[in-house]
Amino acid sequence: MRIDKAEVIVTSPDRNFVTLRLTTDDGLVGLGDATLNGRELAVVAYLKEHVAALLIGKDASRIEDMWQFLYRSAYWRRGPVTMAAIAAVDMALWDIKGKAAGMPVYQLLGGASRDGLMAYGHASGKTLPELFDSVREHQALGFKSIRIQTGVPGLRAIYGIASNTAGTSHQGVRYDHEPAQRGALPMQEDWDTRAYLRHIPGVFEAVRHEFGPELPLLHDAHHRMTPIQAAKLGKSLEPFDLFWLEDCTPAENQEALRLVRQHTTTPLAIGEIFNTVWDYHTIIREQLIDYVRSAVTHTGGITHLKKVLDYAAIYQVKSGMHGPTDVSPVGMAAAMHLGLSIHNFGIQEYMQHGVKTNQVFHQSFTWNEGYLHPGDQPGLGVTLDVDEAGKYPYEQAYLPFNRLADGTVHDW
Ligand code: GCO
Ligand code: MG
């Protein structure tokens, strides 16, 4: 079972996706997601120029060895581009191993620890009535847990709130499939942390009043606060019993979470921009977070994220894998197989892909009353229709960014 071919396929059905396709000499095909939102072509070049040739002729069954080889032989460790490239190779090899064994990947990881994966959807609205409609729309689709993002009076546009030009998912939910807007330059948004801190508790109070105490509610703060501001927000949200508050401070300063933690019992989730266990070392060991947000795609694949989550399990920290539309159907499938098998699964983010994306990527997962399941096809359970993919060439796209009223660039 030697690797015969390594192809990098770039397609942009509802948004840009990068997929690595490995073929073995005995005809098995494995897919890996290498999509790095807004910096896609850097990973394409890394794979095409520096990795593809190294794979040819190698034994496709040696997943751990391949991971260690790609991580250590490069000398330059970690970082989103490197780790997304390694992740794609790793996922493709797990896909191949599953097909060779005739088993879904979750069986190779130890089998199912649960029947399905509770998933949360993204409700958003500029105003409360819009937000309530969006929550109801998600409940009608079966979602049992919901992320709440809201407009803030005085601010023009806020990331994570579906615009009027948003597309719809295959189930008709209104989403910005590519919040990384297509165009030659990134969109500029405005930001005011004090206005945000004044507004958010009232929104959660209204949502609890409307939808009752049971519905698990989540919120994403996108790294915009200082530790003391985050502590204040966590405290002010305690009466509304959040499932989690996500990315409350800029993620690269792990120590910042100590101060937040001392002041609030609101559960914290962090890590969608982390790449290795080293980014989590302090915050897991000191139990400064409750949920690990990494995607398989951005954290070196199933092999490495499983190690992060096994480490987290010792400290009662659970998974909350990243699942926006920029994680491709292949990356989502990998998350579902891993989530089904580990004991410390917490919740899965599930932002549904668009209609065109689902025509390019044929998927085996099921969605049943709020729960995902990866399906029982051998491997990851995703196939790529290359002809369909060819209809959608890459388009430049950037995530938006923030400036404060005085023009200062802010975290987003
Ligand atoms: C989330 C995220 C996304 C990211 C996006 C960046 O919680 O789903 O914050 O909206 O910003 O995936 O590529
Ligand atoms: Mg997030």
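Observations on the structure shown:
- Unsatisfied cross-links (Cα-Cα over 22 Å) in the set K99/K306; K5/K99; K5/K97; K58/K307; K356/K391; K58/K99: K58/K307
- Average projected area [Cα convex hull, segment 30-160], square nanometres: 11.8
- If you take the Cα centroid of segment 256-322 and the Cα centroid of segment 76-133, the two points sit 15 Å apart.
- Inter-centroid distance (Cα atoms) of segment 223-240 relative to segment 9-71, Å: 40
- Equivalent ellipsoid, segment 3-104 (semi-axes from 5 times Cα gyration tensor eigenvalues, Å): 21, 17, 12
- Computed over segment 220-262, the P(r) curve from all C-alpha pair distances, binned at 10 Å from the origin, holds 30, 61, 9 percent per bin.
- Whole-number D in µm² s⁻¹ for the chain, Kirkwood Cα-pair radius fed into Stokes-Einstein, 20 °C, 1.002 mPa s: 100
- All alpha carbon pair distances within segment 346-412 were sorted into 5 Å bins beginning at 0; the resulting P(r) in whole percents reads 3, 11, 15, 16, 14, 12, 11, 8, 6, 3, 1, 0.
- Between helix 193-211 and the chain there is an angle of about 90 degrees, using the helix long axis and the longest principal axis of the Cα atoms.
- Derived from the Cα gyration tensor, the three semi-axes of the equivalent ellipsoid of segment 229-291 are 20, 11, 10 Å, largest first.
- Taking the helices alone, the chain has a mean residue ellipticity at 222 nm of -10000 deg cm²/dmol, built from -39,500 (n - 2.57) per DSSP H run of at least 4 residues and averaged over all its residues.
- Hull volume in cubic angstrom per residue (convex hull over the Cα atoms of segment 37-77): 89
- Segment 335-380: C-alpha pair distances exceeding 17 Å, %: 39
- Take every DSSP beta bridge whose two residues both sit in the chain; close to 55 percent of them are antiparallel.
- When you work out D = kT/(6 pi eta Rh) for segment 196-353 at 37 °C and 0.692 mPa s, using the Kirkwood radius from C-alpha pairs as Rh and the Stokes-Einstein form, the result is 207 µm²/s.
Any read-out appearing in this document is the output of simple, stated calculations on the displayed coordinates, not a laboratory observation. Here the structure is a predicted model, which means the values were calculated and not measured.
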